[in-house]
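This report concerns only the one structure given below.
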Amino acid sequence: MDASLVWLIVALGILFMALVVSQSVWSPLRWIGYGLFKIAVGGVLLFVFNSMAGYYDFTIPINPITAAMSGFLGLPGLVSLVFIKAFIV
């Protein structure tokens, strides 16, 4: 077998392995980035709510749990946090 053919096969194998590894790395990172983005949006949503509800002396603490709840669930999550704070706590 010619040496250049061997090197071509090795190069194609390395390229294939790099493609497989890059796909298996980027997929979980994409999900982690999506989750962090949702938590950040939830934190901004809580900040805006606290800015408006501060006039009535009613605030919801901004922490990772409340930010995740309002970020992943959206407006229904924020409403549920308001009900929990108003009626349970």
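Quick notes on this one:
- Count - residues of region 61-81 that are within 15 Å of Phe47 (Cβ to Cβ) and surrounded by 15 or more Cβ atoms within 10 Å (Cβ to Cβ): 10
- Qualifying residue in region 52-60 (condition: aliphatic (A, V, I, L, M) and assigned to a helix (DSSP H, G or I)): yes
Values quoted throughout were computed directly from the atomic coordinates according to the rules given, and no laboratory measurement underlies them. Keep in mind that what you see is a predicted model, and the values were worked out from it rather than measured. Methodologically, a virtual Cβ is constructed for each residue, glycine included, from the backbone with ideal geometry; neighbour enumeration extends over all protein chains shown.
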